[in-house]
1. Only one of (1) among the β-branched types (Val, Ile, Thr); (2) in contact with a Ser or Thr (Cβ under 7 Å, 6 or more places away or on another chain); (3) within 16 Å of Ser96 (Cβ to Cβ) fails for Val149. Which number is that?
2. What's the total number of residues in segment 181-195 that are more than 17 Å from Arg77 (Cα to Cα) and open to solvent by 30 Å² or more (accessible area, probe 1.4 Å)?
3. Under 6 Å by Cβ, and 6 or more places apart or on different chains, what pairs join a residue from segment 173-199 that is at positive phi with one that is in a loop (DSSP other than H, G, I, E, B) and not hydroxyl-bearing (Ser, Thr, Tyr)?
4. With the requirement that a residue be open to solvent by 70 Å² or more (accessible area, probe 1.4 Å) and farther than 16 Å from Val93 by Cα, what does segment 111-144 give you?
5. Between a first residue in segment 56-73 that is within 26 Å of Asp86 (Cβ to Cβ) and a second residue that is open to solvent by 60 Å² or more (accessible area, probe 1.4 Å) and in a helix (DSSP H, G or I), which pairs have beta carbons less than 7 Å apart while being 6 or more apart in sequence or on different chains?
6. When you check Gly169 against the structure, is it under 23 Å from Pro113 (Cα atoms), modelled with pLDDT under 95, of a type outside the set (Ser, Thr, Tyr) and open to solvent by 30 Å² or more (accessible area, probe 1.4 Å), yes or no?
7. Taking Pro147 as meeting all but one of (1) over 21 Å from Cys9 (Cβ atoms); (2) surrounded by fewer than 21 Cβ atoms within 10 Å (Cβ to Cβ), write down the number of the exception.
8. In segment 69-101, how many residues are closer than 26 Å to Gln39 by Cα and over 18 Å from the mean Cα position of the chain (by Cα)?
Amino acid sequence: MTTRELRICVIGDELVAGVGDARALGWVGRVMARSHWTQPTSVFTLATPGETTAQLTGRWEAETATRFSAAPEVDNRLVVALGRHDIETGQSVARSRLNLANLLDVATTRGIPTFVVGPPPGKEADASELEELSEAFASVTARRHIPYVDTFHPLRNHDQWRSDLAQNGSVYPGQAGYGLIAWLVLHTGWHQWLGLDPE
């Protein structure tokens, strides 16, 4: 039996690239390092700083097309990492929901399994809006039976997360914060989605 090659594209804003992490791993690098791969695997991180859901929806197909393969021996997977920039640009929650829904529906039509990671906490002033946005994203994915990692609620009052942001002096975490996001991803259906043994 031939083992299919696995290709994973992770698309999102600067948090996908691990901005603020002195080790330059971010949560993506940590998740990949702790996954128990059973087949040849390639991971492509496609980050654009300051990206909104509208911008992400507009670019994901073109960017992943050059990394994915139509060959039957290749298993293409998409990880959508949602950020906070919709709030900063004044985009409505309804529009954000629609953008994500459109992206997921196109991916499903193309036969690309998708995994969604929600936006983590940032500025306390944006907390209520970000909570509403995270819950909207969760609703969109739940309706489509697509895995969703809620990073907002578990991290909002997490002491280590908050101290990491304070130490960095920004809305970007450091090593500890990215480690927390990675833990949430790994324990919210990641291995099941990939059909991997979590042990």
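1. That leaves (3) as the condition not met.
2. Kept after step one, since they are more than 17 Å from Arg77 (Cα to Cα), are these residues of segment 181-195: 181-184, 187.
Add one more test, that the residue is open to solvent by 30 Å² or more (accessible area, probe 1.4 Å), and what stays is 183, 187.
The total comes to 2.
3. Listed by first residue and then by second, the contacts come to Gly189/Pro147.
4. Step one: of segment 111-144, the residues open to solvent by 70 Å² or more (accessible area, probe 1.4 Å) are 123-125, 128-129, 132, 135, 143-144.
Within segment 111-144, Lys123, Glu124, Ala125, Arg143, Arg144 qualify.
5. Listed by first residue and then by second, the contacts come to Thr57/Asn102.
6. Numbers: under 23 Å from Pro113 (Cα atoms): no; modelled with pLDDT under 95: yes; of a type outside the set (Ser, Thr, Tyr): yes; open to solvent by 30 Å² or more (accessible area, probe 1.4 Å): yes.
No.
7. The single condition Pro147 does not satisfy is (1).
8. Taking segment 69-101 as the starting set, the residues that turn out to be closer than 26 Å to Gln39 by Cα are 69-81.
Checking the rest, the ones that are also over 18 Å from the mean Cα position of the chain (by Cα) come to 69-75.
Summing the residues that are closer than 26 Å to Gln39 by Cα and over 18 Å from the mean Cα position of the chain (by Cα) in segment 69-101 gives 7.
The values are calculated or read from the model by the stated rules, or taken from the named source; none is laboratory data. Only a predicted model underlies this, so the values are computations on that prediction, with no experimental measurement involved. Methodologically, a virtual Cβ is constructed for each residue, glycine included, from the backbone with ideal geometry; neighbour enumeration extends over all protein chains shown. To get the accessible areas, we keep the full protein, side chains included, count just its heavy atoms, and leave off ligands, DNA and RNA. Shrake-Rupley method; radii C 1.70, N 1.55, O 1.52, S 1.80 Å.
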